[in-house]
Amino acid sequence: MIAYYLLAALLLVLVCAYFRLPLLYWTFALAIPVAFSGNAILIAIFAVVALLFNVPVLRRAVFTDHVLAIYRRILPDMSSTEKEAIDAGTVWWDADLFSGKPDWDKLLAVPEPRLSAEEQAFLDGPVEELCAMCNDWEITHEQQDLPPHVWQFIKDQGFLGMIIPKHHGGLGFSALAHSAVVMKLSTRSGTAAISVMVPNSLGPAELLLHYGTEEQKSHYLPRLAKGQEVPCFALTSPEAGSDAASIPDYGVVCKGMWHGKEVLGMRVTWDKRYITLGPVATLLGLAFRLYDPEKLISNKEDLGITCALVPTNTPGVNIGRRHLPLNAVFQNGPNSGKDVFMPLDWIIGGPDYAGKGWMMLMGCLAAGRAISLPTSSTGGVKALTRFVGAYARVRSQFKTPIGKLEGVEEALGRIAANCYVMDATRVMTAGSVDLGEKPAVLSAIAKYHMTERARASVNDAMDILGGKGICLGPNNWVGRGYQMTPIAITVEGANILTRTLIIFGQGAIRCHPYVLREMRAAKELQGAQASREFDDAFTSHIGHVISNGVRTFVHGITSSRLAHVPRNAAPETLHYYRFTSRLSAAFAFLADMSMMAMGGALKRKEKISGRLGDVLSMLYLISATLKRYEDQGRIKEDLPLIRWAVRDMTYHAQHAIDQILSNFPIKWMATLLRWTIFPLGMSFRPPLDARNHDCAKIVLEPGAARDRLTAGMYVPKGEADATGILEAAFLATVACEPIDEKLRKAVKKGKLLPRPGVDLGSLARENNLITAEELAQWQRKEALRKGVIKVDDFPQDFGRAEVVLRQDKPFSVKAA
Ligand SMILES: Cc1cc2nc3c(=O)[nH]c(=O)nc-3n(C[C@H](O)[C@H](O)[C@H](O)COP(=O)(O)OP(=O)(O)OC[C@H]3O[C@@H](n4cnc5c(N)ncnc54)[C@H](O)[C@@H]3O)c2cc1C
């Protein structure tokens, strides 16, 4: 009999946990079988325990105050820089994914981000024009810089001040528009895109907007907006790369002469490297540690990291030399200064902001990170999708367009599906910035995964293009992008660190519904306030873990059938929402169990935290993909891209969980976790080859689906350059296929005998097999095709004998 009561109690607890009911409901639910048991001792014990756990004062006295004491002992102290990094930015959809029960209706109710008419006009006008002005080979190889007229156009049209509000003379664009501009430029010239992207990302303008004094804003912002000042931001030092907070560059508060008067200022010494736009900058945003040994402005000696704006013509500033980052020619180089005296009001925000530089940098990091690299990577992949797809249709081997050979198709389909996911993520992340978020964790996810997907896609592209992608020259439109890919991986938080430390590390604290509250109660609050806050957070946390465990198990044994879905999503995608809800519950449960098992050591267990970050990231990317499908009106033609991508991502998330469990340090816990998460085994399968075929087909055919997938990119109109010819050849190839088929059949039936030195079309015309118009069409296609498959060659000495050795043009080779 007792077994029945226990079973009933267990079932009731499971129901309460599944539906996340408050503790009082659990107590009532358990009270029923206990009361029915009629066992007086059991009832008495139950009554005491129920009272202890339901009355907060008692619960705190017997339970949570003791946990708080232990927690305070084991919780490591955080440095102020760590704390500022954790506190920076906001949480949004990431909090839902961390909750284990994402509210899909809330996500789908967010309106689709849209450009204003003015922003669209800028894209169709100045951006289109700038793209047309850029010839990547000339820029990267012959001039090793943007030509002066291109620089001038960028400045005159306000490209450097997109984030500066109109009342300060800037364009005042939304984050989405800023992203659309950078994306379009990236489809044409990486150099132009980066040169525009950097002043609009974390740097002088952004810092001034948030922290500048009125005087600094009114002086610098209009000048930055119009390109009268070219900014750069210098944080990285030879000794401090990823660990940027440890910069050895320093300033000392002192008195000095400034314009003939003695003023309070600082003597700053620095040695920076890798600074983008540094060599041509007129305004140097400089981060250094400020000391006040004589206590002239504060009662502290070490004031902390400080950010100042230094005109580069200040005596003592050494700037102008260049690095050569993997043959990319955007301006990038070192700069330094020794004991350079500058007034205190060069500190961004004025002397009051001395020592607040790290907080300022962390506070502004998310918006730029959400846009720059996710966007430029998406642009790169859009260009690959369109142009590699076109090439794979134009280029034939074994009498077949290479895109129709299964091996090539596999890589092409991957590129296409990646492109959909990346654009969806770009739009959703930029959209969140326009909603007022500073998405600290989501921007890190976007940065890591968009750059990694760009790397995977460019590798696929190189494999598809063969020698055409390898031989550099004006006719190679992919080689420079391939060379530059690792730059995106390294900057704005190198990817390994971003994956292993930031995505999950910051996510586990910021996005988790209870961890930050517990930490604050333990470290920042005292007495009864700490006790009450910790008790509430901790008991809710326990309920949260049990609930996610139960949900995970239930979803596992019901193949996600009960998992939460939105009310109004397309029926054809509902199962993907179910899978994602299930994975979200599993992730939330596993994250909590990992924190419980490893505590503070989890921070050093980067192989585990990196994989937890991968699961969270897949959930975000899937969310963006599904939302895109809804936002765009459920276009059935696009469905193969969504199907392939979502299955691929659920499979990857499952794989990451499997790897965590295989390497979990406590084996019995790993076994229990595996039974809970995969009670019927690992059920998510990789995407089907048939879907991959459909994805590749989208980019092998001209049409609306291909245009939608690559929307927002620059497509050259004429046939003057390599991608212009490619686009024309693609359309001509497809249009000519019936004629090619006629010729093929005629040859097969012996009606047409190929003759050396005479093209097949002319022979067919001679034999009246095609009309004169058809011949003209076929010959034009052939001419374009030959243009497309052409690669460049150079003189034996690469033209050294002809090189005019000028200081600004050390090496210039013209292709034959
Ligand atoms: C082309 C280019 C442009 C740049 N532009 C600017 C600029 O404008 N302004 C500016 O201030 N800086 C700029 N940077 C600097 C850039 O932000 C740094 O390169 C970056 O922060 C990494 O530093 P690092 O190169 O010294 O690598 P390191 O810090 O030496 O890192 C090496 C490797 O170790 C990994 N790693 C480090 N710490 C950890 C950890 N705790 N856990 C796991 N892995 C870790 C990293 O992920 C990386 O893979 C630029 C760099 C380049 C290459």
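The values are calculated or read from the model by the stated rules, or taken from the named source; none is laboratory data. None of the values given here were measured: they were computed from a predicted structure. All Cβ positions, even for glycine, are placed from backbone atoms using ideal geometry, and neighbour counts span all protein chains on display. With ligands, DNA and RNA removed, areas are computed over all heavy atoms of the protein, side chains included. Shrake-Rupley method; radii C 1.70, N 1.55, O 1.52, S 1.80 Å.
Are there any pairs, at least 6 apart or on different chains, whose C-beta atoms fall under 6 Å, with the first in segment 116-132 and within 16 Å of His178 (Cβ to Cβ) and the second at pLDDT below 95 and buried (at least 17 other Cβ atoms within 10 Å of the Cβ), and if so, which?
Correct list of pairs: empty, since none qualify.
Please indicate, with yes or no, whether at least one residue in segment 673-680 is under 30 Å from Phe730 (Cβ atoms), aromatic (Phe, Trp, Tyr) and in a helix (DSSP H, G or I). It would help to see each step written out before you state the result.
We begin by selecting, within segment 673-680, every residue under 30 Å from Phe730 (Cβ atoms); these are none.
The answer is no, given that none of the residues of segment 673-680 is under 30 Å from Phe730 (Cβ atoms), aromatic (Phe, Trp, Tyr) and in a helix (DSSP H, G or I).
Pull out all pairs, ordered by first then second residue, where Cβ-Cβ is under 6 Å, the residues are six or more apart or on different chains, the first lies in segment 227-243 and is farther than 10 Å from Leu286 by Cα, and the second is at pLDDT below 95 and near the ligand (Cβ under 8 Å from one of its atoms).
Within 6 Å, the pairs are Pro231/Gly203.
Which residues, taken from segment 232-251, are among the β-branched types (Val, Ile, Thr) and either more than 38 Å from the chain's Cα centre (by Cα) or under 18 Å from Arg321 (Cβ atoms) (or both)?
Just the residues of segment 232-251 that are among the β-branched types (Val, Ile, Thr), to begin with: 236, 247.
Within segment 232-251, Thr236 is the sole residue that qualifies.
Are any residues in segment 233-249 closer than 24 Å to Glu206 by Cβ and either more than 6 Å from the ligand (Cβ to nearest atom) or in a loop (DSSP other than H, G, I, E, B) (or both), and if so, which ones?
Keep residues of segment 233-249 that are closer than 24 Å to Glu206 by Cβ, which gives 233-237, 240-247, 249.
The answer is Leu235, Thr236, Ser237, Ala240, Gly241, Ser242, Asp243, Ala244, Ala245, Ser246, Ile247, Asp249.
(1) under 24 Å from Ile789 (Cβ atoms); (2) without any contact (Cβ under 8 Å) to a residue 60 or more places away in the chain: which one isn't true of Ala696, the others all being true?
The one condition Ala696 does not meet is (2).
Please determine, by comparing only the residues of segment 13-34 that are open to solvent by 60 Å² or more (accessible area, probe 1.4 Å) and not in a loop (DSSP other than H, G, I, E, B), which one is nearest to Ile546 (Cα to Cα).
Residue satisfying both the conditions and the ranking: Leu14.
Could we say that Gly320 is of a type in the set (Gly, Ala, Ser) and farther than 29 Å from Ser189 by Cβ here?
On the way: of a type in the set (Gly, Ala, Ser): yes; farther than 29 Å from Ser189 by Cβ: no.
No: the conditions fail for Gly320.
Going by the structure shown, is Ala522 open to solvent by less than 30 Å² (accessible area, probe 1.4 Å) and modelled with pLDDT under 95? It would help to see each step written out before you state the result.
Details: open to solvent by less than 30 Å² (accessible area, probe 1.4 Å): yes; modelled with pLDDT under 95: yes.
Yes, satisfied.
Which one of the conditions (1) open to solvent by 30 Å² or more (accessible area, probe 1.4 Å); (2) under 21 Å from Ser377 (Cα atoms); (3) in contact with a Pro (Cβ under 8 Å, 6 or more places away or on another chain); (4) not acidic (Asp, Glu) does Arg691 fail to meet, given that it meets all the rest?
So Arg691 meets the others, but not (2).
Which of the residues spanning segment 289-315 are within 16 Å of the ligand (Cβ to nearest atom) and either farther than 20 Å from Gln228 by Cβ or open to solvent by 10 Å² or more (accessible area, probe 1.4 Å) (or both)? Show your work before the answer.
Here is the first cut: in segment 289-315, the residues within 16 Å of the ligand (Cβ to nearest atom) are 289, 305-310, 312.
If the condition is that a residue be within 16 Å of the ligand (Cβ to nearest atom) and either farther than 20 Å from Gln228 by Cβ or open to solvent by 10 Å² or more (accessible area, probe 1.4 Å) (or both), then Arg289, Ile305, Thr306, Cys307, Thr312 are the ones that fit.
Counting just the residues of segment 267-288 that are among the charged types (D, E, K, R) and near the ligand (Cβ under 9 Å from one of its atoms), which one comes out surrounded by the fewest Cβ atoms within 10 Å (Cβ to Cβ)?
Let us first name the residues in segment 267-288 that are among the charged types (D, E, K, R), namely 267, 271-273.
Still in the running and near the ligand (Cβ under 9 Å from one of its atoms): 272-273.
Details: Lys272: 26, Arg273: 17.
Only one residue fits best here, namely Arg273.
Quick one: Lys338 ticks every box in (1) more than 26 Å from Ala488 (Cβ to Cβ); (2) touching a Ser or Thr at 6+ places or on another chain (Cβ under 9 Å); (3) of a type outside the set (Val, Ile, Thr); (4) surrounded by 15 or more Cβ atoms within 10 Å (Cβ to Cβ) except a single one, so which number is it?
(4)
Going through segment 464-504 one residue at a time, which ones are modelled with pLDDT of 95 or more, of a type in the set (D, E, K, R) and within 16 Å of the ligand (Cβ to nearest atom)?
Arg480, Arg499
Would you call Arg765 part of a helix (DSSP H, G or I), at pLDDT 95 or above, farther than 30 Å from Val388 by Cα and open to solvent by 30 Å² or more (accessible area, probe 1.4 Å)?
On the way: part of a helix (DSSP H, G or I): yes; at pLDDT 95 or above: yes; farther than 30 Å from Val388 by Cα: yes; open to solvent by 30 Å² or more (accessible area, probe 1.4 Å): yes.
When the stated conditions are applied, Arg765 passes them.
Applying the selection to segment 169-207, what residues are closer than 18 Å to Asp156 by Cβ, outside any helix (DSSP H, G or I) and not small (Gly, Ala, Ser)?
Scanning segment 169-207 gives Leu171, Phe173.
Name the single residue, out of those in segment 250-266 being among the β-branched types (Val, Ile, Thr) and open to solvent by 20 Å² or more (accessible area, probe 1.4 Å), that is farthest from the ligand (Cβ to nearest atom).
Val263
The rows are residues; the columns are (1) touching a Gly at 6+ places or on another chain (Cβ under 9 Å); (2) more than 22 Å from Leu123 (Cα to Cα); (3) among the β-branched types (Val, Ile, Thr); (4) in contact (Cβ under 8 Å) with a residue 60 or more places away in the chain.
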residue	(1), (2), (3), (4)
Ile164	yes, no, yes, yes
His168	yes, no, no, no
Met183	yes, no, no, yes
Glu214	no, yes, no, no
Tyr220	yes, yes, no, yes
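Gly379 passes all but one of (1) within 16 Å of the ligand (Cβ to nearest atom); (2) closer than 19 Å to Met197 by Cα; (3) open to solvent by less than 30 Å² (accessible area, probe 1.4 Å); (4) of a type outside the set (D, E, K, R); which number fails?
(1)
Consider segment 190-207. How many of its residues are closer than 19 Å to His167 by Cα and more than 11 Å from the ligand (Cβ to nearest atom)?
Of segment 190-207, the ones closer than 19 Å to His167 by Cα are 199-200, 204-207.
From what is left, the residues that are more than 11 Å from the ligand (Cβ to nearest atom) are 200, 204-207.
Summing the residues that are closer than 19 Å to His167 by Cα and more than 11 Å from the ligand (Cβ to nearest atom) in segment 190-207 gives 5.
Go through the residues of segment 445-463 one by one and say whether even a single one is part of a helix (DSSP H, G or I), at pLDDT 95 or above, more than 25 Å from Leu107 (Cα to Cα) and under 11 Å from the mean Cα position of the chain (by Cα). Reasoning before the result, please.
So the first thing to find is which residues in segment 445-463 are part of a helix (DSSP H, G or I), and the list is 445-463.
When the remaining residues are screened for being at pLDDT 95 or above, the result is 445-463.
When the remaining residues are screened for being more than 25 Å from Leu107 (Cα to Cα), the result is 452, 454-463.
Among the residues that remain, those that are also under 11 Å from the mean Cα position of the chain (by Cα) are: 452, 454.
Yes, there is a match, as at least one residue in segment 445-463 is part of a helix (DSSP H, G or I), at pLDDT 95 or above, more than 25 Å from Leu107 (Cα to Cα) and under 11 Å from the mean Cα position of the chain (by Cα).
Looking only at segment 708-717, which residues are over 19 Å from Arg643 (Cα atoms) and of a type in the set (D, E, K, R)? First the steps, then the outcome.
Filtering segment 708-717 down to residues over 19 Å from Arg643 (Cα atoms) leaves 711-717.
Within segment 708-717, just Lys717 meets the criteria.
Which helices (runs of 4 or more DSSP H) does segment 48-134 wholly contain that include 2 or more residues that are within 30 Å of Gln157 (Cβ to Cβ) and within 31 Å of the chain's Cα centre (by Cα)? So that I can check it myself, show each step before the final result.
On the way: elements: 56-59, 65-74, 80-87, 93-99, 104-109, 117-122, 128-133.
By residue number, 117-122, 128-133.
Taking the options Gly320, Gly316, Gly251, name whichever one is within 22 Å of Val150 (Cβ to Cβ) and small (Gly, Ala, Ser). Spell out the reasoning first.
Working: Gly316 fails: within 22 Å of Val150 (Cβ to Cβ); Gly251 fails: within 22 Å of Val150 (Cβ to Cβ).
Of Gly320, Gly316, Gly251, the one residue that is within 22 Å of Val150 (Cβ to Cβ) and small (Gly, Ala, Ser) is Gly320.
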